[in-house]
Amino acid sequence: MTHAELDSPEPTPGGDSPAVVRKRPKPGERRVQILQALATMLEQPGAERITTAALAARLEVSEAALYRHFASKAQMFEGLIEFIEQSVFTLINQIAEREAPGPSQAGRIVAMLIQFAEKNPGMTRVMVGDALVFENERLQQRMNQFFDKVEASLKQCLRASADAATPTVDAQVRASVMTAFIVGRLQRFARSGFKRMPSEHLEASLARML
């Protein structure tokens, strides 16, 4: 996530040195800071369930301050999921615009998702559900829908080169295998404490699938 920058202190009247008290965050800026802190805490291997008390302590604010920006912790996780969805599907659209449908386009989508997870370990725990085990069930359902949409995007890519006799079935089977590969690599990454990189032997693996 892009780190929001706090405004630097302004000089006091009369040319004195800058004030030591930081200005209050701009509207929306505190929400970003909360989500960044949550994502960072999720990057800790073996992290237990994150409480709002621990999150507030990390940000050096009260729990009440968190609830001024999010009605619940579930809403905070929804904010992370929205970031994942917007980031990934924007990139999928860009790949679709730049490259003709086919195995190569599908391979690029798989590689993009693997790279996104590798760069965002905390988000990976959300994507595979590890961070959602004790949270609201609708969050896991939303991530399930996310991977359904990824699979649909891959199926659309692969229809162009599918078996002429049964193009829809062939594209569906290949898209399902590729989606399972993505999920498996992300789960291994999260459950190894982020030691097993999801991009390990990626090109060779894609070559086998495609």
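The values are calculated or read from the model by the stated rules, or taken from the named source; none is laboratory data. Predicted model, so just to flag it, every value in this text is computed and none were measured. Here the Cβ is made from the backbone with ideal geometry for all residues, glycine too, and neighbour counts use every protein chain on show. Protein only, heavy atoms only, side chains kept; ligands, DNA and RNA dropped before computing areas. Shrake-Rupley method; radii C 1.70, N 1.55, O 1.52, S 1.80 Å.
Just checking, which of Ala131, Ala65, Ala117 is touching a Pro at 6+ places or on another chain (Cβ under 8 Å), closer than 30 Å to Glu29 by Cβ and open to solvent by less than 40 Å² (accessible area, probe 1.4 Å)?
Of Ala131, Ala65, Ala117, the one residue that is touching a Pro at 6+ places or on another chain (Cβ under 8 Å), closer than 30 Å to Glu29 by Cβ and open to solvent by less than 40 Å² (accessible area, probe 1.4 Å) is Ala117.
Could you say which residue among Leu206, Leu158, Leu186 is touching a Gly at 6+ places or on another chain (Cβ under 7 Å), in a helix (DSSP H, G or I) and touching a residue at least 12 places away in the same chain (Cβ under 8 Å)?
Details: Leu158 fails: touching a Gly at 6+ places or on another chain (Cβ under 7 Å); Leu186 fails: touching a Gly at 6+ places or on another chain (Cβ under 7 Å).
Criteria check complete, one pass: Leu206.
Being of a type in the set (Asp, Glu) and surrounded by fewer than 12 Cβ atoms within 10 Å (Cβ to Cβ) is the filter; apply it to region 42-62 and report the residue that is modelled with the highest pLDDT.
Glu60
Which one of these is in a helix (DSSP H, G or I) and without any contact (Cβ under 8 Å) to a residue 24 or more places away in the chain: Glu48, Glu82, Glu78?
Of the residues listed, the single one that is in a helix (DSSP H, G or I) and without any contact (Cβ under 8 Å) to a residue 24 or more places away in the chain is Glu82.
Within region 134-161, how many residues turn out to be among the aromatic types (Phe, Trp, Tyr) and either open to solvent by 10 Å² or more (accessible area, probe 1.4 Å) or within 18 Å of Lys195 (Cα to Cα) (or both)?
Adding up the residues that qualify gives 2.
Considering only residues that are among the polar types (S, T, N, Q), within 30 Å of Glu135 (Cβ to Cβ) and open to solvent by less than 40 Å² (accessible area, probe 1.4 Å), which ones fall in region 73-105?
Listed by number, the list holds a single entry, Ser87.
How many residues are surrounded by fewer than 19 Cβ atoms within 10 Å (Cβ to Cβ) and either in contact with a Gly (Cβ under 8 Å, 6 or more places away or on another chain) or β-branched (Val, Ile, Thr) (or both) if we restrict to region 162-183?
6
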